[in-house]
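The values are calculated or read from the model by the stated rules, or taken from the named source; none is laboratory data. The model shown is predicted, which means the values in this text are computed figures rather than measured ones. Cβ placement follows ideal geometry from the backbone for every residue including glycine, while neighbour counts extend to all protein chains displayed. Each accessible area value is taken on the protein alone, full model and side chains, heavy atoms only, with ligands, DNA and RNA left out. Shrake-Rupley method; radii C 1.70, N 1.55, O 1.52, S 1.80 Å.
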Amino acid sequence: QVQLVESGGGLVQAGGSLRLSCAASSGNFFSINTMGWYRQAPGKQRELVATLTKGGSTKYADFVKGRFTISYDNAKDTVYLQMFSLQPEDTAVFYCNTHATNSYGILGDYWGQGTQVTVSS
């Protein structure tokens, strides 16, 4: 089992910035395959924001438009989402996700509890 703890959400004015963090931990060995950020706005389905593979490949949703950057600190097992030029339509609960393999080679899909991002106009 891998635990994901997110932080960094909050209230920001339009045009502002936030950096989300997500720290992964486990009582047992695990190896991260991919980490990513998703978001869910009220009344909408959860959608992909950005993902990052172990090999360093990134994928961003079209609505990011160069405003967000995903990165990973291997030493801290922490993934970050730096967000610039935030707009009210970015208001959502942001969730951290990882696909990780345990010591038996079993791949698991794990989610954090979510962190609220609210952008005021």
- prompt: GLN1 passes all but one of (1) under 19 Å from GLY112 (Cβ atoms); (2) in a strand (DSSP E or B); (3) not acidic (Asp, Glu); which number fails?
  reply: (2)
message: Suppose we filter GLY9, GLY15 for residues that are of a type in the set (Gly, Ala, Ser) and either within 12 Å of the chain's Cα centre (by Cα) or buried (at least 17 other Cβ atoms within 10 Å of the Cβ) (or both); which single one remains?
response: GLY9
query: Is there a residue being outside any helix (DSSP H, G or I), modelled with pLDDT of 95 or more, surrounded by 15 or more Cβ atoms within 10 Å (Cβ to Cβ) and not aliphatic (A, V, I, L, M) anywhere in region 102-109?
result: no
- request: Return a yes/no flag: does region 16-34 have any residue that is in contact with a helix residue (DSSP H, G or I) (Cβ under 8 Å, 6 or more places away or on another chain), in contact (Cβ under 8 Å) with a residue 60 or more places away in the chain and under 18 Å from SER85 (Cα atoms).
  value: no
- request: Report yes if some residue within region 92-100 is open to solvent by 30 Å² or more (accessible area, probe 1.4 Å), part of a loop (DSSP other than H, G, I, E, B) and β-branched (Val, Ile, Thr); otherwise report no.
  value: no
One residue from ALA75, ALA61 being out of contact with any Phe, Trp or Tyr (no Cβ under 7 Å at 6 or more places or on another chain) and more than 22 Å from VAL5 (Cα to Cα): ALA61
